[in-house]
Amino acid sequence: MLNVLRFYVPNSADNYNYILYCPKSLEALVIDPFNAELIDEKLRSNGLKMTGILLTHEHTDHTSGVSRLIKKQTLPVYGHPEIEGVNMPLSHNQTIHLGEGELTALFTPGHTFKHFCFTSEDQSSPYLICADTLFNAGVGNTYSGDTDLLFNTIKTLSIMKGETRIYPAHDYMLNNLEFLLSLEPNNQDAKYLRDRNRDLAPDDRQVTNWEMEQKVNPFLRLDNDEIIKSINAKDRSELSVFRALRQRRNLW
């Protein structure tokens, strides 16, 4: 079993960073390091030894801390083979070992063409490190990728168990919930989640799971009549609704 340490990154684009670690060996993998000094502080305060870096994709706010971290020691940097600095290229469904635990890399193009997510192999406590593919109550933009690819990726993730914890790379929860409520104003689950988290600091916001996301994430509810009516989708096919939702969210 691997534990997940989540922390908000000040002076960022509302980024969350994550450290995965084995509670027995205290070996750790750092995900998408933004600020090397903050990473060092979190590792030190938790007694962890960094043994590698995981990159979900190539955007600067996910890679800016890498160069300073690898100057201090030689480390494996896992990620898409076309991302600069990656020396351990990943493939879909590849297993990565850490101490006595392991995780699986999932190729998830859409937000960019080089995006990976990571999921636990521990069935008793599943989680998904979804970076900019899936957010709380939303999905990533596709300015550097492709909307249809993202649709396909989200569909492949739908096999997740309801209890799978969702760990996105940005604190967009409240804004995304307001977007949903602009389309579906009577969604009580969205109102509850918004009101529960509205006055909390980003570090304290609720970690949702797949079951909750299916209730509050419009991109997972493509057959909802009220949403379809609100966005004037070209037709009721899931792909058309997804495209229209993504376009509406771009302009919102």
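Test Asn186 against the criterion of being surrounded by fewer than 21 Cβ atoms within 10 Å (Cβ to Cβ), out of contact with any Ser or Thr (no Cβ under 6 Å at 6 or more places or on another chain), among the polar types (S, T, N, Q) and not in a helix (DSSP H, G or I), and give yes or no. Yes; evaluated as a whole, the condition is true for this residue. Within the bounds of region 167-174, is there any residue that is within 18 Å of Ala244 (Cα to Cα) and touching a strand residue (DSSP E or B) at 6+ places or on another chain (Cβ under 8 Å)? No, the conditions are met nowhere in region 167-174. Residues that are of a type in the set (Asp, Glu) and either touching a helix residue (DSSP H, G or I) at 6+ places or on another chain (Cβ under 6 Å) or closer than 26 Å to Asn17 by Cβ (or both) do not occur anywhere in region 220-229.
Restricting region 172-183 to residues that are surrounded by fewer than 22 Cβ atoms within 10 Å (Cβ to Cβ) and in contact (Cβ under 8 Å) with a residue 40 or more places away in the chain leaves a set whose member that is nearest to Arg6 (Cα to Cα) is Tyr172. Could you check region 5-75 for helices (runs of 4 or more DSSP H) lying wholly inside it with 1 or more residues that are surrounded by 17 or more Cβ atoms within 10 Å (Cβ to Cβ), free of Cβ contacts under 8 Å to residues at least 40 places away in the same chain and more than 18 Å from the chain's Cα centre (by Cα)? Answer list for region 5-75: 36-45, 66-72.
Only a single item in (1) under 15 Å from Thr142 (Cα atoms); (2) buried (at least 21 other Cβ atoms within 10 Å of the Cβ); (3) without any contact (Cβ under 8 Å) to a residue 24 or more places away in the chain is not met by Val241, and it is number (1).
Here's the yes/no breakdown for (1) under 25 Å from Gln123 (Cα atoms); (2) at pLDDT below 95; (3) touching a Gly at 6+ places or on another chain (Cβ under 8 Å); (4) not β-branched (Val, Ile, Thr):
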| residue | (1), (2), (3), (4) |
| --- | --- |
| Leu2 | yes, yes, yes, yes |
| Tyr8 | no, no, no, yes |
| Glu27 | yes, no, yes, yes |
| Asp40 | no, no, no, yes |
| Arg44 | no, no, no, yes |
| Leu75 | no, yes, yes, yes |
| His92 | yes, no, no, yes |
| Glu102 | yes, yes, no, yes |
| Ala105 | yes, no, no, yes |
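For region 96-109, filtered to residues that are closer than 18 Å to Leu157 by Cβ and not aromatic (Phe, Trp, Tyr), the residue that is surrounded by the most Cβ atoms within 10 Å (Cβ to Cβ) is Thr108.
The values are calculated or read from the model by the stated rules, or taken from the named source; none is laboratory data. Keep in mind that what you see is a predicted model, and the values were worked out from it rather than measured. Please note: Cβ atoms are built from the backbone with ideal geometry, for glycine as well, and neighbour counts cover all protein chains shown.
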